[in-house]
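What follows is a short report on a single structure.
The values are calculated or read from the model by the stated rules, or taken from the named source; none is laboratory data. These figures come from a predicted structure and were not determined experimentally. Here Cβ is always computed from backbone atoms with ideal geometry, including for glycine, and neighbour counts include all displayed protein chains. For the accessible areas, the whole protein counts, side chains as well, though only heavy atoms, and no ligand, DNA or RNA atoms are used. Shrake-Rupley method; radii C 1.70, N 1.55, O 1.52, S 1.80 Å.
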Amino acid sequence: MITLRAVWVSVVLYLSLGLAPLFAQEVTVKQDHLTLRADLNLASDKKIQDGVVLLLHGTLAHNRVEIIKTVAELLNDKGFNTLSINLSYSLDQRPSQMLDCAIEHQHQHEDAMQEIGTWMRWLKEQGVEQVYLMGHSRGGNQIAWYASEQDNDLIKKIVLIAPATWSAEKSASDYEERYKTPLVELVNNAQAKVAAGQGAEVLDTAGFVYCEKAKVSAKSIVSYYRADERKNTPSLLSKITKPTLVIMGSEDTTMQDLPAQMEPIKQANVQAVMIEGADHFFLDLYADELVEKTVEFFE
């Protein structure tokens, strides 16, 4: 079941920003018991059937966070339709705002791949024949993970913006530094709960991702913190067959090891570019350069 709620975006505002006027729709689609939300922005004089850039945000964020909103607007100005999807984090019709740390966390890292798949099926139902996949940070990893395991004819090209890197050692050390308690004890306890069929049981934690003293299900803890090389985006690239562009920022202190991991990768379908001066979020003029690189790659 799919519903659309159309919202006209002010032409005057977009012209004042030097952007092409567009028609924006909030799109919803059912997935099991959840209603997923996304923003569909059609470029001037374009139909959805002309193709879509599917955009995915980063950790615990949303589809209207600054980098996603800005990139979508700039791509629309370049003539590309965009679908900015809002991960549910297991919440029905989750609003476009940072995830509330006070919730009982039942979501899993892998949920994103299922939701990407749901939106890809929706796009196919709308008559779309080519989709460009684009994700930022953890969303970049989730896009790469999806593309590496669910390749299909709809996917034309892939852009990964400062995609997440991962190692078991760094994950453990970062957790202990931030929350002053060993990660291994939390994960071992959660894994025991999952093995006993109690994965939905909520545990009190010192912290979870960015959230201090969070209440988190055992299955969520295992998903986000267990050792899995697929969380390290460069490790996924050899399994992706479509043309892929990795965009990095020279001042990115969040994914500091990404350039070093990308340097030895010599793969015909993979390109990597560095935007000098950009940090992890590619603010202001760095977003313009990011989109310029993206459009060159798309064309």
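Below, the figures for the structure above:
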{"quantity": "Count - residues of the stretch 121-141 that are open to solvent by 10 Å² or more (accessible area, probe 1.4 Å) and assigned to a helix (DSSP H, G or I)", "calculated": "4"}
{"quantity": "Test for V184: is it open to solvent by 30 Å² or more (accessible area, probe 1.4 Å) and among the β-branched types (V, I, T)", "calculated": "yes"}
{"quantity": "Contacts under 6 angstrom Cβ, first residue in the stretch 92-106 being part of a loop (DSSP other than H, G, I, E, B), partner open to solvent by 60 Å² or more (accessible area, probe 1.4 Å) and basic (K, R), 6 or more apart", "calculated": "S96/R64"}
{"quantity": "Which listed residue, of T241, T294, T253, is under 20 Å from H57 (Cα atoms) and not in a helix (DSSP H, G or I)", "calculated": "T253"}
{"quantity": "In the stretch 243-256, the residues that are more than 15 Å from I67 (Cβ to Cβ) and surrounded by 16 or more Cβ atoms within 10 Å (Cβ to Cβ)", "calculated": "P243, T244, L245, V246"}
{"quantity": "Flag for G79 being assigned to a loop (DSSP other than H, G, I, E, B), modelled with pLDDT under 95 and on the phi > 0 side of the Ramachandran plot", "calculated": "no"}
{"quantity": "Matching residues in the stretch 190-212 - criterion: being in contact with a strand residue (DSSP E or B) (Cβ under 7 Å, 6 or more places away or on another chain), open to solvent by 20 Å² or more (accessible area, probe 1.4 Å) and not aliphatic (A, V, I, L, M)", "calculated": "E201, D204"}
{"quantity": "Residue within the stretch 72-79 that is surrounded by fewer than 20 Cβ atoms within 10 Å (Cβ to Cβ), small (G, A, S) and in contact with a Lys or Arg (Cβ under 9 Å, 6 or more places away or on another chain) present", "calculated": "yes"}
{"quantity": "Considering residues of the stretch 223-238 that are open to solvent by 10 Å² or more (accessible area, probe 1.4 Å) and outside any helix (DSSP H, G or I) only, the residue nearest to N189 (Cα to Cα)", "calculated": "R226"}
{"quantity": "Complete set of residues in the stretch 81-107 that are closer than 21 Å to R226 by Cβ and either open to solvent by 60 Å² or more (accessible area, probe 1.4 Å) or among the aromatic types (F, W, Y) (or both)", "calculated": "Y89, E104"}
